[in-house]
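Everything below concerns the one structure shown next.
The values are calculated or read from the model by the stated rules, or taken from the named source; none is laboratory data. Values in this document were obtained by computation on a predicted structure and should not be read as measured data. No Cβ is skipped: glycine too gets one built from the backbone with ideal geometry, and neighbour counts run over all protein chains shown.
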Ligand SMILES: [Zn+2]
């Protein structure tokens, strides 16, 4: 694991300067002093340390502003890497990103979450190893792994608190076991929370803004970022927008609540609704016994895009439900923007975006104070895996070290 001896002495200042350089892409030392309120001498010293660690490099000269042109500095994206692993019900996605958060390698495979974790995690570790080797990434430059998944979890202990997809995963120390298999630190986090922070790091939203994210894969989750940091709540199980009740007399949800949004608007609900729509199931050749309901959902999305009125009707109904969830998010957190992320928005994103924007424009409490923009994710289907990798970069580099209530990456030994 790559570490810096200087890091321990002044993590906050160093992290703040590094984050400003990252966000600006190129910046002068004078601009860094103005942005932080620190003296020029302190900025020069911190930049010298960051350059000494290879994290920052000089990048030519900026435009003259009266005096002589100033030297620009920028991140050295090849200085460090991190890995994001997303465990979904049917799919595992692994990405390697550089220090700038850019994806340098990716792989995905099926079936892993259906296995017991004792069998699945060594398989995931082998895939991570193979991906790092293929991408020719030096393991000494890898800061760690962000493992992201759905459902309630104990981030500090690195364990999942859900019996889904199988009972064997409940209370299993996933972060520790993966760290042992890989020989790299592993941080556990929620997939939707990871997708949310990934948008900030990669520059899709104004870093000064407050924004939310609705994440849809096989389930529906969410996240909110305030001043560049995730809103964590008491136990980092916050903004579970898929499990707000939209019908107090609705069906029991596995989460314990009744009438949850996910059971009306999520992909499995749409497949159920399509199977019950006369003619549609036959037209789309839907298979009611297929465990991989995301591929069935993708077919409904494709039919809606192609103008099938029944498929479009179902999708627009799902989008309206999500529109009300977006209004709830905007009214609770007073956000500037809501990002739509995850593979299930990718299948018919323009329909979802238009309907959700319409509901937000009509109903948000503060609509006369400011508009809430509904925007697609920059990271597309891999938003959660990329976000998992970004959480490692943020935790290790710009936050210095996690706060007391946050999980520390579980060390490799
Ligand atoms: Zn629920």
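Data overview
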| read-out | value |
| --- | --- |
| Unique residue being within 21 Å of residue 344 (Cβ to Cβ) and under 13 Å from the mean Cα position of the chain (by Cα) when the list is 224, 271, 205 | 224 |
| Positions within region 176-198 being in a helix (DSSP H, G or I) and either surrounded by fewer than 24 Cβ atoms within 10 Å (Cβ to Cβ) or under 16 Å from the mean Cα position of the chain (by Cα) (or both), in sequence order | 176, 177, 180, 181, 191, 192, 193, 194, 195, 196, 197, 198 |
| Count of region 222-245 residues which are buried (at least 17 other Cβ atoms within 10 Å of the Cβ) and either assigned to a helix (DSSP H, G or I) or within 11 Å of the ligand (Cβ to nearest atom) (or both) | 5 |
| Residue selected from region 199-221 under the condition in a loop (DSSP other than H, G, I, E, B) and at pLDDT 85 or above, by the criterion farthest from residue 335 (Cα to Cα) | 218 |
| Of the criteria (1) within 16 Å of the ligand (Cβ to nearest atom); (2) under 20 Å from residue 340 (Cβ atoms), which one residue 252 fails | (2) |
| Verdict on residue 241 being under 20 Å from residue 353 (Cα atoms) and over 10 Å from the mean Cα position of the chain (by Cα) | yes |
| Test result for residue 22, within 28 Å of the chain's Cα centre (by Cα), crowded, with 19+ Cβ neighbours inside 10 Å, more than 19 Å from residue 70 (Cα to Cα) and modelled with pLDDT under 95 | no |
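For every residue, the table says whether it meets (1) touching a residue at least 60 places away in the same chain (Cβ under 8 Å); (2) away from the ligand (no atom under 16 Å from the Cβ); (3) touching a helix residue (DSSP H, G or I) at 6+ places or on another chain (Cβ under 8 Å).
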{"position": "217", "(1), (2), (3)": "yes, no, yes"}
{"position": "272", "(1), (2), (3)": "no, no, no"}
{"position": "300", "(1), (2), (3)": "no, yes, yes"}
{"position": "306", "(1), (2), (3)": "no, yes, no"}
